[in-house]
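Engineer: I am attaching a structure below and will ask some questions about it afterwards.
The values are calculated or read from the model by the stated rules, or taken from the named source; none is laboratory data. From a predicted model like this one, the values you see are computed outputs, not experimental measurements. Note: ideal-geometry Cβ built from the backbone for every residue, glycine included; neighbour counts use all protein chains shown. Heads up: the accessible areas ignore ligands, DNA and RNA and are worked out on the full protein's heavy atoms, side chains in. Shrake-Rupley method; radii C 1.70, N 1.55, O 1.52, S 1.80 Å.
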Amino acid sequence: GNCLLPGSPDCRTDLICKGLRCLFSVPKAEVHKNAHHSFGRFGFQSPQLLGEKPASLQNNSVGRLPHLFLAQNIQSIRSFRTSSSLQAVQFPLFWILVKPIQKLFAILLGRSIRNWWKALPPNKRELLKESAKKNKWKILLGVSSLGVLFVVFYFTHLEETPITGRPRLLVFGKEHFRELSEMEYVMRMEEFENKILPETDARYQVVEAVFDHLSESNEDIPQISALKWVIHLVDEPDVNAFVLPNGQVFVFTGLLNAVSDLHQLSFILAHEIAHAVLEHAAEKASLVHLLDFLSLIFLTMIWAICPRDSLALVGQWIQSKLKEFMFDRPYNRTLEAEADKVGLQFAAKACMDVRASSVFWQQMELAEAIQGQPRLPEWLSTHPSHENRAERLDRLIPEALKIRESCNCPSLSGPDPRLIFRLNMQHLLESSKGQESPSSTNQDLSNPKLDFPNT
């Protein structure tokens, strides 16, 4: 369809996007988008055009929210995850190489202990049991000493998270991850070799302008000003973006097709900047390494105690699932929520409309509901649910608005974008009456959460 993008004043007639939806427009221009991976047919109005300099974002209100939402045009959309599953190398290279060997060694050790015990004559087993009972206090003292050493190691490796001040465990040096992120960067560039869009692409220039504006508005943060940020726009339909610890930014064109305006795009990019600033990659790797070390002890015990290999395999699977759902996934959701909070502050300092952040996740939730995707419990996911994410952001928006005001940002004009979304929801419900749709979809849309706390 026709695409209106920043550039020359006559870009209305010069630029045509091949099947891509529009995010931006020239003054007084109305843009409608209707393409695959879209929420439907939206209309956009933008009173100002994004200029060539990122500073123009601070004084202009760019990209207002849609005013039309037709249910019959809604297409399939991929679930958005703001962090790539391989956002950064998870461990230093040494531990990447030795981890499988450690696991194999634990299995062989536990199996050897089991076979050794089975091969002992009954009288020797009784003697060992009696010896263990006599020396139980010495054994308990040895185990307690190891526990004390573990606790000392944990507390001596605690650091405060930048900005939030949350205590967290850091086992590996931060410089290791910057070096390993170079390896990850090479791998990514090879993976997207033929899909990286040139810097002359208008979409790249928009992403670059928004990102530069965010970084310049938050240059008082040492972690932001110290890094050299490099943007890569990948021509992929996936709704995704991620940042490596060395400042390499990857944005997929599918993300541009999912956001409704520059404010939403700014929040998503600020979220990814927050991941890098808060050093979540090193923190997560430290936790994983610590849990892996403890799991090796339990893995050895499982293979030593279970009488058969089949039972040991079942026990090993149960142990891995317990570790995943009790530690890995909840901790990852915590990091995502923290990146949302700090990213919202970054967007507020850049004078963006922070209220659009919760609207984005409401749009994602609505799109999944209309598509009929099953709604899984949050504890099964590595990311917070769209619904909980929107609600949490609604609670944080009043504080972000105060930050925005303290930065002498221009007042927000027009209605609250969350109110606009509510009207769109009502319009969607009215237009969908009498039309056949999956029962699950009707159930999800019949009682939408439209209340906005703390507004």
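Engineer: Check whether at least one residue in the stretch 375-389 is on the phi < 0 side of the Ramachandran plot, outside any helix (DSSP H, G or I), β-branched (Val, Ile, Thr) and surrounded by 15 or more Cβ atoms within 10 Å (Cβ to Cβ), and report yes or no.
Structural biologist: There is at least one residue in the stretch 375-389 that is on the phi < 0 side of the Ramachandran plot, outside any helix (DSSP H, G or I), β-branched (Val, Ile, Thr) and surrounded by 15 or more Cβ atoms within 10 Å (Cβ to Cβ).
Engineer: Being at pLDDT below 90, over 18 Å from the mean Cα position of the chain (by Cα) and in a helix (DSSP H, G or I) narrows it down to one residue among 428, 401; which is it?
Structural biologist: 428
Engineer: Same structure again: Output yes when any residue across the stretch 110-119 is part of a helix (DSSP H, G or I), open to solvent by 90 Å² or more (accessible area, probe 1.4 Å), charged (D, E, K, R) and within 30 Å of residue 313 (Cβ to Cβ), and no when none is.
Structural biologist: yes
Engineer: Now for a separate question. Determine if the stretch 134-144 includes at least one residue that is touching a residue at least 24 places away in the same chain (Cβ under 8 Å), more than 22 Å from the chain's Cα centre (by Cα) and in a helix (DSSP H, G or I).
Structural biologist: Among the residues of the stretch 134-144, not one is touching a residue at least 24 places away in the same chain (Cβ under 8 Å), more than 22 Å from the chain's Cα centre (by Cα) and in a helix (DSSP H, G or I), which makes the answer no.
Engineer: What single numbered condition from (1) among the aromatic types (Phe, Trp, Tyr); (2) modelled with pLDDT under 90; (3) out of contact with any Ser or Thr (no Cβ under 7 Å at 6 or more places or on another chain) fails to hold for residue 172?
Structural biologist: If we test residue 172 against (1) among the aromatic types (Phe, Trp, Tyr); (2) modelled with pLDDT under 90; (3) out of contact with any Ser or Thr (no Cβ under 7 Å at 6 or more places or on another chain), just (3) comes out false.
Engineer: Give the residue that is nearest to residue 354 (Cα to Cα), with candidates limited to residues of the stretch 223-255 that are out of contact with any helix residue (DSSP H, G or I) (no Cβ under 6 Å at 6 or more places or on another chain), touching a residue at least 12 places away in the same chain (Cβ under 8 Å) and part of a helix (DSSP H, G or I).
Structural biologist: Among them, the one singled out is 255.
Engineer: Over 18 Å from residue 258 (Cα atoms), open to solvent by 20 Å² or more (accessible area, probe 1.4 Å) and at pLDDT 90 or above, is that true of residue 422?
Structural biologist: Details: over 18 Å from residue 258 (Cα atoms): yes; open to solvent by 20 Å² or more (accessible area, probe 1.4 Å): yes; at pLDDT 90 or above: no.
The answer is no for residue 422.
Engineer: Right, another one. Tell me which residues, restricted to the stretch 366-378, are in contact with a His (Cβ under 8 Å, 6 or more places away or on another chain) and within 28 Å of residue 164 (Cα to Cα). Break it down stepwise before answering.
Structural biologist: Start the filter on the stretch 366-378 by keeping residues that are in contact with a His (Cβ under 8 Å, 6 or more places away or on another chain), which leaves 368.
Matches in the stretch 366-378: none.
Engineer: Go through (1) under 23 Å from the mean Cα position of the chain (by Cα); (2) farther than 15 Å from residue 267 by Cβ; (3) in contact (Cβ under 8 Å) with a residue 24 or more places away in the chain for residue 410 and report which single condition fails.
Structural biologist: Tallying (1) under 23 Å from the mean Cα position of the chain (by Cα); (2) farther than 15 Å from residue 267 by Cβ; (3) in contact (Cβ under 8 Å) with a residue 24 or more places away in the chain, residue 410 fails exactly one: (1).
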